[in-house]
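Visitor: One structure, pasted below without further comment.
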Amino acid sequence: MTQSSATELPGAVPASCDAAAEADQPPSVARRRVLKGALTAAGLVLCLRHSGRIALAGTQKYGAAGEPGGVVDNPLVFVAIHPDNTITVTVHRPEMGQGIRTSFALVVADELEAEWPQVRVEQAPADQARYGNQDTDGSRSMRHFFEPMRRVGAAARMMLESAAAARWGVPVSEVVAEHQQVWHHGSGRKLTYGELAVQAAREPVPEADRVRLKRPDQFRYIGKSSSRLIDGADIVAGRARYGIDTRLEGMLYAVVARPAVLGGKLAHYDAQAALAVPGVVRVVEIPSHPLPALSYPLGGVAVLARNTWAAIKGREALKIRWDEGPNGHFDSQRFETVLQQAARRPAKVVRNQGDAMATLRDAGRRIEAEYYLPFLAHASMEPPAATARIVDGHCEVWAPVQDPQGTRDLVTGLLGLNESDVTVHVTLLGGAFGRKSLADFAGEAAMLTKAMGGTPVKVTWTREDDIRHDYYQAVALEHLEAVAGPDGLPVAWLHRSASPTEDATFQAGAEGEDSSEYGMGMINIPFRIPNVRLEVPGVPAYTRIGWFRSVYNIAHGFAIQSFIDELAHAAGRDPLEYQLALIGAPRRIDPRRLSDEWNYGESPQRYPFDTGRLRAVIERAAREAGWGRSLGKGRGLGLAATYSFMSYAAAVIEVEVGAGGKIDIPRVDIAFDCGPQVNPDRVRAQLEGSCIMGLTLARYGEITFRDGRVQQSNFNDFPVLRLPESPQDIRIHLQPAGFEVPLGGVGEPGLPPIAPALANAIFAATGRRIRRLPLATQLADWRA
Amino acid sequence: MASTLRINERSISVEAAADTPLLWVLRDELGLTGAKFGCGMGLCGACTVHVEGQPVRTCVTPLAAVQGKAITTIEGAGHDPIGRAVQAAWLALGVPQCGYCQAGQIMSAVALLRDTPQPTDADIDAAMAGNICRCGTYPRIRAAIHRAAQQLREAR
Ligand code: FES
Ligand code: FES
C-alpha cells in the first residue's frame, strides 16, 4: 500500500500562521445565501447578496464574522434585569427543537451568575443589525455564539459589580457577584441584581477584550444536564405557541391552491362555488413570480374564510385551470437515467491527486458501485403557517422561520415597504429541518393582508401542501470506483456525485453541486489513497431544491460509507479494522489540502480535519456496541462514520431482518465528538432525533415526480418512523473535551452515518447490499 | 349550528357547521390551540384529545359526534393525577424537542395509563403507534411513560 503523498499536514497546525493564511485565503462560499429585498420599477426583484457561483471580494472572514450581521455581544441588547430580581435573556436564534432558547439562556445565566429559576427568555424579532446573525441553520448557533453569549453574561455581571461598588463607594476589586447578588467582602453588605439593575444599565459596557470570563471549572450550568427546558412546562400544558397557533382580533384564515408544477401559472379560475361555502369571505389571486423560485410565494388562488375548515372546503370548491409551464414533463423515474448517464461520463473535476484514471484503466479488477437517494420532504410536524397584518402602513408578521432577517427582507420586497416598516415576530417552530429557512409561506400571508387592506390573515398549509410544495432534499446518484492494492486497501478512488444544486432555486439554470455542496463529505475524504479523483457532473433541477438536515452529507455519507464496507468485504477484511486502516494514523489535515476551500465557512486552522478524532469515535462506537460479537442468522452489526459541521460521528447499528424483510433494531450505539458540550442533554436529544430521522429516510423517505407533480401527499404515502419501529435502545456516547477545543455543530452531524450503518448492518445480516434508498420493500423476499 | 360542548369540565357553546372537525372548533372558535394540526387525516395523532376518556383524533371527528360528551384537551390534562404524572415525567426526562407533537403524545399516554396502569413495551407500542414525532423523541416517550407509571404506583 502506497501512502498518500503530501496531502496533509502532520501534527498540530501552528496557531501563529492563522492571520497570514486567513488573509490570502481565496474567497469561498457560504452555505446559506441571503436574499435581499429590493423594489425596482419593473417590479419585485430579490437579489443574491452572494451565491455559490459568485466569489466574494476582499478578505475572507470565518465563522460568525463571515455571516450576514456577524456577531453582537452587547449585554444591553440581550439581558434585562428587572427590579423584582427576575432576568430576561433575549434569544435571537429561532427555536425549532434544538433547545437553543434553553441553551443560550443558560450560557448567559452562568457567566452572569444568575439563578436559573429566575431566568426568562424572550424571542428576538428579525433584526440582524441589532442582534447579529439570526439565520438558524448549518448547525451554527452554539458554534458561533457560545463565546459571544458568554461575553454578554460576563459583561453584564461586571456592570452589576461596578454599580454595587459605586453605590458603596468601594473599589470594584472588593466586590463579587455570586448567586444573583453582589457582595462586599469587607462589610458583608449585599445587594440583589434587581436592586442594582437600574444603575448597572448606566455603567459603561466593558470592551470585549476586557470582559472577565469564568474558568470552565467555575461553570454552574454550562456542560451540565440539569437545567430545565425553558419551554418545557408550556409545551406539556399545551400553552406553547407555534406559528400555526397565532390568533389576532378579526383575523381571516386562508388556504392557498398553488400550481402543482413548479413554474406553473394560473390560466383561469372560477371562484363561484368556493364563495358559496359558508364562512368563505373572499377569494384572492396571488401572482406567480417567474423562475427562479427563490423564497417567493408560488402564486395561485387563496381562499379566505372565518375559520380554517371553511377555507379548506372553499379551496376544494375552486375550479382552476393551470398553465403548467416548463417543468410539466419532469419525471423522477426518467431522471434517474439522466443522473446515471451523467455519473458514468467524465465531468468537472473538483479534486485530483495522483492519476486515478490511469490506475483504474490499467487495473485488473475494479470495484464499482452506484448508490441512489431520492428526493426527500422535510415534513416537520407543524406545517408551514404564518400570520400578517398591516396597521398604518406597518406590516407585522408572526411566523415560524429559521431565517428571520431573510423573512423580513422578503416581506419588505414583496410589499414595497421600507425595512423599518416590517416587523417579523419569530414564534416557536414546530420542527423545521431546513424547510423553514425559506419563508415563502410568510410571503403569502404578507401579500394576502395587503390584498385585504391590512386585515390580519393567517395562512395555514395542509400536510398535502407541505409535502407537495417543499424545497426538497436533492435526489442523488453516487458513482464510485476503486482499485484495491495487495492488502485490499484502495490505490485508486473515483467518485462522481450527480445531484441537482440548491443554487438552482436562486439562479435559473444552475447545474451540479457547488463547492459548499460537494464540500459536505465528498471532497474532504481523509483516506490514505494515492490516486483520488472527484467529479461533479452538471445536472439540472426541475423542482425547488432546499436544505434538509445535514443536506448533501446524506448522499455522500451513504455512498462513501457503504462503498468502504463493500471494499472491506471484497478484501475479506473486517469493516472496522479496514476503515481504521484506510484512515491511517491520527493527524490534523488542513482542509485545503483536501481541495476543500469551504470548510463550512470555518477557518482551516481552527478547524482542521482531525483524523484522530474520527478514529476515536469509530473505536468508541465499536467498543460500546461490542463489535465482533457473534449474532445469529438474520442479525448483523453495521458501522458508519462521518465528519460534518465540524463534528465527528460514528454509529453502529444492530439489525435483525425477519421474514419478508421485517426490520427490527434492538440497539444503536452512537459515538459523537462535537468538542465540548454546552448542554449535554440537548446534544443527546439531537443525536437521538437524528438517529430516528436517519432511519426514516433509510427505510421510507421518497418523493417522486410525475408530470412535474409530486406524487406523495401525506403520512400515508410519505411515511415516517413511528414509535414501535424506533430502536429499542439508542445509546449515545459523548466524547469528553475541554472548553479550549472549538465547538462543533450538533443539530445535523448525527444524521449522515445512520443510513449507511443500517445498510451495512443489513449486509452483515443477510448478504444483501442496499444501494438505493429507501429500503422500502427491497427485502420483501427475504426468508429468515 | 349552535352546539354545547363540555370541555375541560366547562360547558361551552359554539356556532359551527355540524360537519366541522372538532380540531378546528377547538383551535379557531375556542382558542384552545394545544391540540395541533398535523395531517388532517387521522394519521399523526397531533390533534388527540379525550372524549369520554378515550383518545380521539379531532381532525376526523365532526362536531356533531361529540355533542354533550365530556372532552378533555391538553389544556385540561393537568386536572387529574395521571395527567400530572405524565407531564412531570415528560419534564423530568426532557422529552420535548420542538414540542409540537407532544400534546397529542401526552393525551395518548394518559389514556394508556388510565386503562393499563403498568404498561409493557408492547402496550406502549400499541397505544403510541398513532402519534408521529418527526423530531424523534420516541425513546424518551417510552421511558417517560414507564416513569409516570412507576410514580403513580408509588403514590398509591
Ligand atoms: S391532525 Fe389529526 S391525526 Fe394528524
Ligand atoms: S417534539 Fe417535534 S415533532 Fe415531536
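Every read-out reported here was derived from the displayed coordinates using simple, explicitly stated rules and does not represent laboratory data. These figures come from a predicted structure and were not determined experimentally. Note that we place each Cβ from the backbone using ideal geometry, even for glycine, and neighbour counts take in every protein chain shown.
Visitor: What ³J(HN,Hα) values, in whole Hz, does the Karplus curve 6.51 cos²θ - 1.76 cosθ + 1.60 give for the range A:157-169 when θ = phi - 60°, with x put for Gly and Pro?
Guide: 4, 5, 5, 5, 5, 4, 4, 5, 4, 5, 4, 8, x
Visitor: Please identify which residues in the range A:466-503 have an amide N closer than 20 Å to a label point set 7 Å out from the Cα of residue A:355, following the Cα→Cβ vector.
Guide: What the label zone holds, given the 20 Å backbone N cut-off, is A:481-486, A:490-495.
Visitor: Right, next: Give the residues of the range A:161-198 whose amide nitrogen is closer than 15 Å to a point set 7 Å from the Cα of residue A:226 in the direction of its Cβ.
Guide: A:179
Visitor: Next question. Report, as an integer, the average count of C-beta atoms from other chains found within 10 Å of each Cβ along A:461-471.
Guide: On the way: counts 1, 4, 8, 3, 0, 2, 1, 0, 0, 0, 0.
The per-residue average across the peptide is 2.
Visitor: I've got another one for you. Can you give the calculated 222 nm mean residue ellipticity of the protein assembly as shown, where each DSSP H run of n ≥ 4 adds -39,500 (n - 2.57) and the sum is split over every residue, rounded to the nearest 500 deg cm²/dmol? Walk me through the numbers on the way to the answer.
Guide: Details: 24 runs with 264 residues, N = 940.
The per-residue figure over the protein assembly as shown is -8500 deg cm²/dmol.
Visitor: For an R0 of 41 angstrom, estimate the FRET efficiency from the Cβ-Cβ distance between residue A:574 and residue A:234 and round to the nearest 0.05.
Guide: Details: r = 50 Å, r/R0 = 1.21.
Efficiency at R0 = 41 Å is approximately 0.25.
Visitor: Could the peptides A:438-451, A:697-710 be put in order, highest first, of the mean number of other beta-carbon atoms found within 10 Å of their residues? Walk me through the numbers on the way to the answer.
Guide: On the way: A:438-451: 27.1, A:697-710: 20.9.
In decreasing order of mean packing, A:438-451, A:697-710 become A:438-451, A:697-710.
Visitor: With a sphere of radius 13 Å drawn around the Cβ of residue B:20, what net charge do the other residues whose Cβ falls strictly inside it have (Lys, Arg +1; Asp, Glu -1)? If you can, show how the numbers build up before the last one.
Guide: Numbers: positive: A:306, A:313, B:27; negative: B:15, B:19, B:28, B:29.
Neighbourhood net charge equals -1.
Visitor: Under 1.5 on a/c is rounded, so check that first for chain A, then, if it is not, pick prolate when a/b is larger than b/c and oblate when it is not; a ≥ b ≥ c are the square roots of the alpha carbon gyration tensor eigenvalues. Write out the running numbers ahead of the final one.
Guide: Details: a/c = 1.68, a/b = 1.11, b/c = 1.52.
In terms of gyration-tensor shape, oblate.
Visitor: Residue by residue through the range A:666-680, what is 3J(HN,Hα) from phi via Karplus (6.51 cos²θ - 1.76 cosθ + 1.60, θ = phi - 60°)? Round to whole Hz and write x for glycine and proline.
Guide: My calculation for the range A:666-680 gives x, 7, 10, 10, 10, 9, 9, 10, 10, x, x, 9, 6, 9, x Hz in order.
Visitor: Give the shape of the range A:557-702 as rounded, prolate or oblate, defined through the alpha-carbon gyration tensor: a ≥ b ≥ c are the square roots of its eigenvalues, a/c under 1.5 means rounded, and otherwise the shape is prolate if a/b is larger than b/c and oblate if not. Present the calculation step by step, with values, prior to reporting the outcome.
Guide: Working: a/c = 1.87, a/b = 1.43, b/c = 1.31.
It comes out prolate by the Cα gyration axes.
Visitor: Let me ask something else. Which whole number gives the average, over all residues in B:24-30, of C-beta atoms from other chains lying within 10 Å of the residue C-beta? Please list the in-between numbers first.
Guide: Values: counts 8, 2, 0, 8, 13, 3, 0.
Across B:24-30, the average partner-chain Cβ count within 10 Å equals 5.
Visitor: Over 16 Å, how big is the tail of the calculated P(r) for the range B:77-155, in percent of all Cα pairs?
Guide: On the way: 1246 of 3081 pairs.
It works out to 40 percent of all Cα pairs.
Visitor: Still on this structure, please answer the following. Ignore the peptide's own chain and count Cβ atoms of other chains within 10 Å of each Cβ in B:99-108; give me the average, rounded.
Guide: Working: counts 17, 16, 5, 7, 6, 2, 2, 4, 1, 1.
Average neighbour count from other chains, rounded to a whole number: 6.
Visitor: Whole angstrom only: what separates the Cα centroid of the range A:406-421 from the Cα centroid of the range A:632-674?
Guide: 46 Å
Visitor: Rank by packing, highest mean first: peptides A:626-636, A:256-266, with packing defined as the count of other Cβ atoms within 10 Å averaged across residues.
Guide: Numbers: A:626-636: 13.3, A:256-266: 22.5.
So the peptides A:626-636, A:256-266, ranked by packing, come out A:256-266, A:626-636.
Visitor: Whole-Å semi-axes of the range A:233-325's equivalent ellipsoid, largest first, each the root of 5 times a Cα gyration tensor eigenvalue? Display every interim value, and only then the final one.
Guide: On the way: eigenvalues 153, 75, 19 Å².
Ellipsoid half-lengths, sorted descending, are 28, 19, 10 Å.
Visitor: Sort A:668, A:741 by Cβ crowding within 10 Å, fewest neighbours at the top. Could the numbers behind the result be given before it?
Guide: On the way: A:668 30, A:741 15.
Neighbour counts put them in this order, fewest first: A:741, A:668.
Visitor: If you don't mind, there's one more thing I want to ask. Give, rounded to the nearest 20 debye, the magnitude of the charge dipole that the protein assembly as shown has about its Cα centre when Lys and Arg contribute +1 at Cβ and Asp and Glu contribute -1 at Cβ. Can you show the working numbers first?
Guide: Values: 100 positive and 102 negative charges, 177 e Å.
The dipole of the protein assembly as shown has a size of about 840 debye.
Visitor: Let me check I've understood the local charge: for residue A:336, count other residues with C-beta under 14 angstrom from its C-beta, Lys and Arg +1, Asp and Glu -1. What total comes out?
Guide: Numbers: positive: A:334, A:344, A:706, A:771, A:772; negative: A:331, A:370, A:478, A:702.
Charge balance in the 14 Å sphere: +1.
Visitor: Put a dot 7 Å past each Cα toward the Cβ at residue A:392 and residue A:777; how far apart are the dots in nm?
Guide: Distance between label points: 6.3 nm.
Visitor: Return the FRET efficiency for the residue pair residue B:122, residue A:769: r is the Cβ-Cβ distance, R0 is 22 Å, and the value is rounded to the nearest 0.05. List each step's numbers first, then the result.
Guide: Working: r = 33 Å, r/R0 = 1.49.
Calculated value: 0.10.
Visitor: Sticking with the crude label model, points 7 Å out along Cα→Cβ, report the distance from residue A:76 to residue A:202 in nm, one decimal please.
Guide: 1.3 nm
Visitor: Would you mind estimating how fast the range A:582-654 diffuses translationally, via Stokes-Einstein at 20 °C and 1.002 mPa s with the Kirkwood radius over Cα pairs, in µm²/s? Walk me through the numbers on the way to the answer.
Guide: On the way: Rh = 13.8 Å.
So the translational diffusion coefficient is about 156 µm²/s.
Visitor: Going by a ≥ b ≥ c, the root eigenvalues of the Cα gyration tensor, does the range A:692-775 fall in the rounded group (a/c under 1.5), the prolate group (a/b larger than b/c) or the oblate group? Provide the component values of the computation, followed by the final result.
Guide: Values: a/c = 2.17, a/b = 1.59, b/c = 1.37.
It is prolate, given that a/c is not under 1.5 and a/b is the larger ratio.
Visitor: Using a Förster radius of 41 Å, what is the FRET efficiency between residue A:740 and residue A:122 based on their Cβ-Cβ separation? Nearest 0.05, please.
Guide: Numbers: r = 32 Å, r/R0 = 0.77.
After rounding, the FRET efficiency stands at 0.80.
Visitor: Applying the Karplus parametrisation 6.51 cos²θ - 1.76 cosθ + 1.60 with θ = phi - 60° to the phi angles of the range A:234-251, what ³J(HN,Hα) value in whole Hz is obtained for each residue in order, glycine and proline being reported as x?
Guide: For the range A:234-251, the Karplus curve yields 5, 5, 6, 9, x, 9, 5, 10, 9, x, 6, 8, 4, 9, 10, 4, x, 6 Hz.
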